[in-house]
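The values are calculated or read from the model by the stated rules, or taken from the named source; none is laboratory data. The structure displayed is predicted, hence computed values, not measured ones. Cβ placement follows ideal geometry from the backbone for every residue including glycine, while neighbour counts extend to all protein chains displayed.
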Amino acid sequence: MALKRMDNVGIVVEDLGKAIDFFGELGLELEGRATVEGEWAGRVTGLGDQHVEIAMMRTPDGHSRLELSRFLRPSVVADHRKAPVNALGYLRVMFTVDDIDGTLERLRNHGAQLVGEVVDYQGVYRLCYIRGPEGLLIGLAQELG
């Protein structure tokens, strides 16, 4: 049996509203919000009794989704948001944008901070990492030429 697709990437946040605003400014569209709780959900995650607020954000091309989750129950048990890019198991999300400078300017208004600098990769891409809401690591890429 062949893999069909990747449905989404999940990120746990403390402030769901700020995360929605940030990723909305980046260009993702809020597809929907919901609360997930109950015995069935805990069986899937292995967390038992859980209560989670989620927001599903969709990329403009409709092919990718970002699931933002805020756990009400159980409490968050670990925090990897400030880990460097070379930390084992750490995830970052990379987005392609049409104007990296303009995107950075808009996202700075939502608290984004440049990690290093914007670099040119062999005349093919301009790339950078930023820290978004709650210190989340996000990559931005602009295709050149």
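Summary of values
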quantity	calculated
So Pro74, is it in contact (Cβ under 8 Å) with a residue 12 or more places away in the chain and either more than 17 Å from the chain's Cα centre (by Cα) or farther than 21 Å from Glu14 by Cα (or both)	yes
Selection status of Val118, touching a Cys at 6+ places or on another chain (Cβ under 7 Å), surrounded by 15 or more Cβ atoms within 10 Å (Cβ to Cβ) and not assigned by TED's automatic domain parsing to the domain that holds Ala34	yes
Test: residue in region 57-65 that is at negative phi, basic (Lys, Arg) and assigned by TED's automatic domain parsing to the domain that holds Val36	yes
Qualifying residues in region 57-90 (those that are under 19 Å from Ala34 (Cα atoms) and among the small types (Gly, Ala, Ser)) - the one surrounded by the fewest Cβ atoms within 10 Å (Cβ to Cβ)	Ser75
First in region 1-24 and modelled with pLDDT of 90 or more, second anywhere and part of a loop (DSSP other than H, G, I, E, B), Cβ under 7 Å, 6 or more apart	Ile11/Leu136; Val12/Val76; Ala19/Val13; Asp21/His110; Phe22/His110; Phe22/Gly132
Hey, Val97 β-branched (Val, Ile, Thr), over 30 Å from Gln50 (Cβ atoms), at pLDDT 90 or above and out of contact with any helix residue (DSSP H, G or I) (no Cβ under 7 Å at 6 or more places or on another chain) or not	no
